[in-house]
């Protein structure tokens, strides 16, 4: 099998298993016995192994980068991206959803759960806004 096919297969497998792992962790927060035959520790070790393989096979791509043309500190002043109403709605939706999930997770902490949920939701909104409006 060609190395490029191995790279693509490993990358796709890593993304699929990472998504499955995150869904498993989220489901186990609400249903602790959900898929109890899957050990999360060994699943995470498997993901780390896939990540290492992915980085080994993708290593040539990272070495070929011309560092002179890169601007790692984003010093060049590009045009600001405009945010559409759809982007804004998604940012707010995921901020509220993240805050609600934090509240559900920490609801046993009393008044602190409200504070954590509010700060978490605001943090998600601010980071999402900053990522969308970053300059080229």
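Here are the numbers for this structure:
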{"read-out": "Pick from region 1-35, criterion in a loop (DSSP other than H, G, I, E, B) and over 22 Å from residue 101 (Cα atoms), ranking: modelled with the highest pLDDT", "value": "2"}
{"read-out": "Selection within region 1-25 - under 22 Å from the mean Cα position of the chain (by Cα) and without any contact (Cβ under 8 Å) to a residue 24 or more places away in the chain", "value": "8, 9, 12, 15, 16, 19, 20, 22, 23, 24, 25"}
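The values are calculated or read from the model by the stated rules, or taken from the named source; none is laboratory data. Quick caveat, the model's predicted, so the values are computed rather than measured. Glycine also receives a Cβ, built like all others from the backbone with ideal geometry; neighbour counts cover every protein chain displayed.
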